Amino acid sequence: MAVLITGGAGYIGSHTCVELLNAGKEIVVIDNFCNSSPKACDRVKEITGKDFPVIECDIRDGAKLREILAQYPIDSVIHFAGLKAVGESCVKPLEYYDNNIGGTVTLLEAMKEAGVKTIVFSSSATVYGEHNKVPFREDMPAGGTTNPYGTTKYFIEIILKDLCASDPEWSVSLLRYFNPIGAHESGKIGEAPNGIPNNLMPYIAQVAVGKREKLSVFGNDYDTPDGTGVRDYIHVVDLAKGHVAAVKRAETVKGCEIYNLGTGVGVSVLELVHAFEKATGVKIPYVIAPRRPGDIAYSYADASKALAVLGWKTEKNAEDACRDTWRWQKNNPNGYDD
Ligand code: NAD
Ligand code: UFG
């Protein structure tokens, strides 16, 4: 039997493919490559020495999904495919609702028809919104999202919960990621953002490699120890291993379960800059800039449920992630482009 990976050529998807293959799973990848390159899948094959089908398919194409579900012996789905840029989602909300929510509904309809009722979904810590207190726990109220991207994650969680309530045969894992950073230690796969990076770690990496002059630190007047925003940075390989644990559990337990995937440790912007400098020996020039609208002071996980139930916890720290990001960035200054 095989796991269907939607968005498997993307940043988190490609790392998860490696860990699933290493764990002895068969996989089938689908992606429309709107934010990724098929080369990422070639690199996954190089790293693992294993082959698997990679199919160009948009998750909004129900007919094609049905063909794929009929052709391969798929018994579960890990669903990464989606648009993820917070700022862009405010400018193009309909594209985000269509792609993320419309795409997920089309995928679920095709799965239901094929009798495949196990799904692991990429949710986000963003569903905790602005009003909960850290550390965020799975039983806190979700919602209060501040942008259409975050709202798509919140709505999809509700859709999946409703589906479980309607049919006890479904098995749904909602994985709330905190801030994924780092790259595979081979330096062959990593994060390859288009244009100017929105997120902190890829921005730091591009400053380090000389593509950008300096980092802008968005605000140093938050109520945090050094005034800069605090986040829970999780190494992408640890995150990928969390999916292996979640899919194994979902294969045997029905119903809807929610897990935070984070380290449980908060790290400030300046601490991450210093960790990068320490791990790589490269100086990161920065300036203090105004706060970025929509940012919160603190976001970090209570990660105890994933440990208790899935037996999963992070093994790598921020310095490991900085070292691995730097190896990937140096070897691939233009991402997957030659
Ligand atoms: P990514 O953009 O690298 O990967 C997403 C993949 O989905 C890409 O390969 C893209 O081409 C594909 N895709 C998008 N729309 C598609 C469609 N309609 N049909 C088929 N393929 C499509 O992003 P990522 O960082 O790997 O994120 C994976 C998932 O995790 C996303 O759902 C994202 O929202 C979620 N997530 C990411 C973060 C983060 O900080 N990276 C945090 C929380 C949640
Ligand atoms: N930051 C800077 N300068 C930059 C970029 C970011 O100072 O150039 C700061 C931000 O203000 C924030 C911290 O670095 O304090 C982290 O910012 P990111 O953009 O890397 O990450 P966010 O926490 O804002 O958001 C990320 C994902 C979202 C996801 C959220 C919660 O981008 O998709 O984590 O999981 F919803």
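Throughout, read-outs are computed from the coordinates displayed, never taken from laboratory work. Since this is a predicted model, take the numbers as computed values, not measurements. All Cβ positions, glycine included, derive from the backbone under ideal geometry; neighbour counts span all protein chains shown.
From the alpha carbon gyration tensor of region 230-313, can you work out the equivalent ellipsoid semi-axes (sqrt of 5 times each eigenvalue) and give them in Å, largest to smallest?
On the way: eigenvalues 207, 50, 19 Å².
Taking √(5λ) for each eigenvalue gives 32, 16, 10 Å, largest first.
Roughly how many nanometres apart are two label points built 7 Å out from the Cα toward the Cβ at D139 and A70?
4.6 nm
Just need the relative contact order of the chain here, percent rounded to a whole number, with Cα pairs under 8 Å and 6+ apart.
Details: 694 pairs, mean separation 65.9, N = 338.
Relative CO of the chain lands at 19 percent.
Obtain the nm distance between the two label points defined at T146 and D223 by a simple spin-label model: each point lies 7 Å from its Cα along the Cα-to-C-beta direction.
For T146 paired with D223, the spin-label model returns 1.4 nm.
Which of these, E185, E213, E26, has the largest mean-square fluctuation under a Gaussian network model of the chain (Cα springs below 10 Å)?
E213
Pop a pseudo-label 7 angstrom from the Cα along the beta-carbon direction at both I159 and E130 and give the gap in nm to one decimal.
The modelled label-to-label distance comes out at 2.6 nm.
Hey, for a label at R291 modelled as a point 7 Å past Cα toward Cβ, could you say which residues of region 224-265 have their backbone N under 12 Å away?
What the label zone holds, given the 12 Å backbone N cut-off, is 224, 228-229.
Expressed in whole Å with the largest first, what are the equivalent ellipsoid semi-axes of region 1-128 derived from the C-alpha gyration tensor as the square root of 5 times each eigenvalue?
For region 1-128, the semi-axes come out at 23, 18, 13 Å.
What lysines does K112 reach when the alpha-carbon gap must be under 28 Å and sequence neighbours fewer than 8 apart in one chain are set aside?
Hits, sequence-local ones excluded: K25, K64, K84, K153, K161, K241, K248, K254.
If you wrap a convex hull around the Cα atoms of the chain, how much volume per residue is inside, in Å³? Walk me through the intermediate numbers first.
Values: hull volume 41.6 nm³, N = 338.
Taking the convex hull of the Cα positions in the chain, it is 123 Å³ per residue.
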